[in-house]
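Where a number appears in this text, it was derived from the coordinates with a stated rule and is not lab data. The structure presented is a predicted model; accordingly, all values stated were derived computationally and were not measured. Here Cβ is always computed from backbone atoms with ideal geometry, including for glycine, and neighbour counts include all displayed protein chains.
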2 protein chains.
Amino acid sequence: MAKASRSGKSLTAQTTARLRQFGLRPTRQRVELAGLLFDDCDRHVTAESLHDEITKAGMKVSLATVYNTLHQFTEAGLLRQVIVDAARSYFDTNTGDHQHFFLEKEGMLIDIPGEAISVAGVPNPPPGLTVDRVDVVVRVKRA
Amino acid sequence: MAKASRSGKSLTAQTTARLRQFGLRPTRQRVELAGLLFDDCDRHVTAESLHDEITKAGMKVSLATVYNTLHQFTEAGLLRQVIVDAARSYFDTNTGDHQHFFLEKEGMLIDIPGEAISVAGVPNPPPGLTVDRVDVVVRVKRA
DNA sequence: TCACAGTTTAGAATTATTCTAAACTGTTGA
DNA sequence: TCAACAGTTTAGAATAATTCTAAACTGTGA
């Protein structure tokens, strides 16, 4: 019998169902990537890091597909893109309201729960503009 | 007589002095770029936009020099780099404590005074890390 | 099982940015 | 005033992340 979760469905079956719910055809590549991304805890990846990871796990997905998939997952609301570094894009599996610590030196992101932080005093945006989202990045350094 | 400010020094002389104060040799290129950047109000530029601007103003500075200069000015504390867009780097002539509205569609930044916004509840960073800076980006859209 | 729309992919292309090495220019000391 | 040199500029090549292209492939619904 295949790996199974408490629900009785295999992980793959769960992932497949999830992808379908989000309007994405469950291709082998998407299922495998989703398997890595959504299996456990919250994760922060770059296209490169995810590509390395899946390759080392013995699966074959092209880098172009990793890029495509990250964007499609983001579009679908399964991922959130985090902009903290001029050099590369991060994607976060936690799509809920939260913020980040960012350790630039090591390219590491750490979630800060949304309830923890509050931002007060944001002025009204200039006429014709509406607030889409407020991002807080707490840049940290090794002491 | 050359353009002069209330101080009686020409703008160029002022700029030159300023660059020297910050440990930068006042070359023609740096003086010209500084002239555009620091003459009036607070500004947000990209390497490309600043290069276009100086070129259109009839001065000749290579794009590589614009990049070098933006980084040197940033290093010296005359500019601050703002990371809001995965596609390009912005530099802000306002180096004081403040935050930004960002209109992604148009690549436009608008300052929010530091006193206006307050961020409460930032947790202690993980052991061994210290907070370097807290950046707030208010992403806005055309209504 | 077939047909086809949607997907993947290798490799080329693009874009922002950095690097390189040669030419140039402030500055300083005589 | 000027020679000399360290610091600077620059064209163009190089790099790195990302996107594009067009051809091959694959879920899916009938």
Gain upon complete extension [residue A:88, residue A:116; 0.36 nm per residue less C-alpha separation]: 7.4 nm
Using just the alpha carbons, could you tell me how many Å³ per residue the convex hull of chain A encloses? 175
Compare the Cα positions of B:47, B:35, B:134 along the charge dipole of the range B:8-143 (+1 at Cβ of Lys, Arg; -1 at Cβ of Asp, Glu; about the Cα centre) and return the one farthest towards the positive end. B:35
Label zone at residue A:108 (point 7 Å along Cα-to-Cβ), backbone N below 14 Å, the range A:37-54: A:44
What is the sum of charges, Lys and Arg at +1 and Asp and Glu at -1, for the other residues whose Cβ falls under 15 Å from the Cβ of residue A:130? +2
Pairs of Cα atoms under 8 Å, at least six residues apart: use those to get the relative contact order of the range B:47-143, whole percent. 19
About the Cα centre of the range A:60-115, what is the dipole size in debye to 20, counting +1 per Lys and Arg Cβ and -1 per Asp and Glu Cβ, all else neutral? 320
If you scale each eigenvalue of the Cα gyration tensor by 5 and take the root, what three semi-axes come out for the range A:17-71, rounded to whole angstrom and sorted largest first? 17, 13, 11
Quick check for me: using +1 on Lys/Arg Cβ and -1 on Asp/Glu Cβ, what's the dipole size of the protein assembly as shown about its Cα centre, in debye to the nearest 20? 580
Using the Cβ atoms and a cut-off under 12 Å, what net charge is assigned to the surroundings of residue A:96, where Lys and Arg are +1 and Asp and Glu are -1? -4
Principal semi-axes in Å for the protein assembly as shown [√(5λ), Cα gyration tensor, largest first]: 44, 21, 18
Rounded to two decimal places and with Rh computed the Kirkwood way over Cα pairs, what is Rg over Rh for the range A:71-143? 1.00
Multiply the residue gap between residue A:64 and residue A:27 by 0.36 nm, knock off their C-alpha separation, and tell me the result in nm, one decimal place. 11.8 nm
